[in-house]
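Here's the structure, in C-alpha cells; my notes come after.
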Amino acid sequence: MSKKWRLTERTKTLLTLELAIVLPAAALMGFSIWNLKHIQRDKSVEAAIQRDFQHVLKIAERTSWHQAKDLIAPVRKEFPNPDDGPQIKAKLERVLLAHPEYAYAALYDKKNNLLVTRMQPGRDHDQAFCGFTQEDINMLASWLPSEASSTVKHLRKMKEEESWGLYGGWTLHGNQHAYWNVAYFIPEGVSPDRVALGMVAFDEDYLRKTFFPTVVKDVLSSKSTVLRADANLPVMMIHAPRDSTPWVASTDWDGGEPEEERRFADVFPDLILAIKYQGTTIADIGNRFLRYNYIVLGALSVLMVGGIWLTYRNVSREMNLARLKADFVANVSHELRTPLALIRLYAETLELGRLTAKEKYQEYFRIIREESERLTALINNILDFSRIEAGRKEYEFKETNMADLVRSTLDSYRFQIEQNGFAFEENICSDIPPVSVDREAIARSLLNLVNNALKYSKDQKYIGVSLYQANSRVNLEVRDRGIGIPPNEQEKIFEKFYRCGDPLVHNIKGSGLGLSLVRHIARAHGGEVLVESTPEKGSKFTIALPLDPSLRTAQAAA
Ligand code: ADP
C-alpha cells in the first residue's frame, strides 16, 4: 500500500517537473540549436558582415568623389579661357603653383587646334617627373582631336556645377605601372557652340600618398562606419584590377585576401577598393559566433540539468521525510500501545487478587515498572525531539564525575539486561577528571545506545559499556554483537526518523529518533557520536566528549 502511494507521488512530482520546467526549457534549447544550425547553413552572420563591408566601400567611393569635387571646383574658377591668348600659359602656371596636387594643366580649343600645356612648375627640376608627365601629355594630345567634341557634348548636358569628369587608368612609366587621372571641364565663359576643354591631371604621388590615405582613414574612423563585428578592426586598400598588391593601404593593413571589393565607378576608373578585418576573416568570425553560442547553450543546458537534479533531489528528500514521518506516527502509536496493554493486563491480574506465590506478585510489579519506564523513556525522547525541532532544547551543564554518572545510569538497567539473557561487561575508568555535562541528557544518550544494543541483537547476546579517557576526550562506548548496520546506512541512522531497511528492524519497535537525539546531545557538548559496525557481527557506538569545556562552547556556537 505504502509502496503504491510512493510510486504515484514520485511519478506526479516527475511529471510536474517535466511539464513545468523540462519541457519549456528543452523546447527553448531545441529552438536555439535549430536557429544556430539555420544560421550556420544560411551563413547569415557572414552575409551580414559582407553587406556591412559593401556599405563601407560605397561610402569610401562617395567620399573620394566629394573630395575630388572640392579640389577641382576652385581650379575651374581660376582657369584660363581660350580667348586669353598669350596669357594662357602664365595663367595655367598660376593655377599649378596654387595647387601642387596637379602634375600638369592643359587647355584645348578645337577651333584654333590649340593645345596649351604646363607642367607643375614646382617640379621643373625633377627630370623623371618631367619625362613621364610629357608622355602623359602626348597621350592626351593624341586623344583630344577625336574625343573632345563628344566629351564637350556630354558635359553640356550636365548641370553647370556638375559638368566635369574624371578620366584615368594605368600606364607604363619605364617598367613600372603608374596611375594617371585627368579632371576635365569646360572653362568658364566659353560659348556653347565652341569645343574647348580645361584639364588638370592629378599628381600620382599626391593621389597615392595623400588623397586616398586620407579618404581611407576618414571612412574607417567615421562614426557612420558601423560594423556588426565591431570588436574587429576593419582595414582597407586600393589596388589595380589585374594586380592584387596594394597601391594604397590603410596604415594597419596586414596583408591577406580582401573580403569584399568594389570597383570605383566613373570617378577613379581602373581602381579597386578592398576591405577586410585585421588579423581575422569573416568565416572565422562566423565560426566564433557559432562556437560562442554553442558554448553558452551548452552551459545553460548543464545549469538546467543541474537545477532539475537539485530540485528533484530536494523533492525526493521532502517526500522521504514525509514517508518517514508517517512511519514514525505508526511506530510510536504501536510503541505506546504495547507497554500500556501489558501494564493494564498485569494490573488487572493483580487487582483480581488470585495470585498465590509472592514471587509472582514481585514479577508482575517489576513488569509494570519496566513497561512504565519504557513509556517514560519513549515520551522523553519525543519531548526532547520536539524541543530540538522547535529550537527550544536547553542543556544544563554541571561539573560531573562521568564514572559515577555512567554507573548509576546502568545500575537501574543492569537487571533488565541480565534478565534478557545478555552478558554484560562494564569497563569504567574511575580517574577521569570531572567533565561539564548535562547529566540527564548524557544518561538518556547512554540508555538509548544500550536499549538499541538490546533491541538489535539476536543470538549473540552481549553488551559492553566502557568509559575511558583518550587524549583530550572522554569516550563512552557501547558495544554489541547484534545484527550490525550495512556501511551505506551508517551515516543515515543518525537522521531523524530513519530506520534501517532490514525487515528484522521493522519487526522491532522503534521511533527512529533515538540516535538523532544522541547525536544532537553529543554535538551540544562539543563532541560527536561515532559508529563502527559490521553486519551480522555487531556494532560499536562511541560518544566522544571534549574534556575542555571551552571547546564545547566554541563548537556548539559554530
Ligand atoms: P529506533 O531504534 O527507534 O528505530 P534509532 O534512532 O535509535 O531508532 O536507530 C535508528 C536505526 O539504526 C534503527 O532503526 C536500526 O535500524 C539502527 N540501529 C541503531 N542501533 C543499532 C545497533 N546497535 N545495531 C544495529 N542497528 C542499529
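Can you show me the helix-derived [θ] at 222 nm for the chain, built from DSSP H runs with n ≥ 4 at -39,500 (n - 2.57) apiece and divided by the number of residues, rounded to the nearest 500.
-18000 deg cm²/dmol
Enumerate the residues in the stretch 303-345 having an amide nitrogen under 12 Å from the point lying 7 Å beyond the Cα of Leu17 toward its Cβ.
So the set is 305-319.
How many nm separate the modelled label positions at Lys157 and Gln127, each set 7 Å beyond the Cα in the direction of the Cβ?
Distance between label points: 4.8 nm.
Give me Thr356, Thr214 sorted ascending by neighbouring Cβ count inside 10 Å, so fewest comes first.
Going from sparsest to densest Cβ surroundings: Thr356, Thr214.
Multiply the residue gap between Tyr468 and Lys455 by 0.36 nm, knock off their C-alpha separation, and tell me the result in nm, one decimal place.
2.2 nm
Can you sort Ile521, Ile186 by how many other beta carbons sit within 10 Å, fewest first?
By the 10 Å Cβ count, ascending: Ile186, Ile521.
Can you compute the modelled spin-label distance between Gln50 and Ala98, with each label point 7 Å from Cα toward Cβ, in nm?
Each label point lies 7 Å from its Cα, and together they span 4.8 nm.
Roughly what angle does helix 88-98 make with the longest principal axis of the chain, taking Cα atoms, 0 to 90 degrees, to the nearest 10?
On a 0 to 90 degree scale, this one is about 20.
Helix 2-17 versus the longest principal axis of the chain: what is the Cα-based angle in degrees, 0 to 90, to the nearest 10?
Long axis of 2-17 versus the principal axis of the chain: about 20 degrees.
Apply 1/(1 + (r/R0)^6) to the Cβ-Cβ distance of Ser301 and Glu528, taking R0 = 45 Å, and write down the FRET efficiency to the nearest 0.05.
With R0 = 45 Å, the Cβ-Cβ based efficiency is 0.65.
For a Förster distance of 56 Å, can you work out the FRET efficiency between the beta-carbons of Glu440 and Leu290, rounded to the nearest 0.05?
Rounded to the nearest 0.05, the efficiency is 0.20.
Can you tell me the orientation of helix 439-455 relative to the chain, as the angle in degrees between its alpha-carbon axis and the longest Cα principal axis, to the nearest 10?
80
For Met139 and Asn401 in one chain, what is 0.36 nm times their gap in residues minus the Cα-Cα distance, to one decimal in nm? Mind showing how you got there, number by number?
Working: separation 262, 0.36 × 262 = 94.32 nm, distance 12.34 nm.
Net length gain for the segment: 82.0 nm.
For the pair Thr210 and Ala423, how long in nm is the line joining their label points, each one 7 Å along Cα→Cβ?
A separation of 11.5 nm, rounded to one decimal place.
Read-outs throughout are calculated quantities, based only on the coordinates presented, and are distinct from any laboratory measurement. Since the structure is predicted, the reported quantities are computational estimates derived from the model, not experimental observations. Cβ sites come from the backbone with ideal geometry, for glycine too, and all protein chains shown count toward neighbours.
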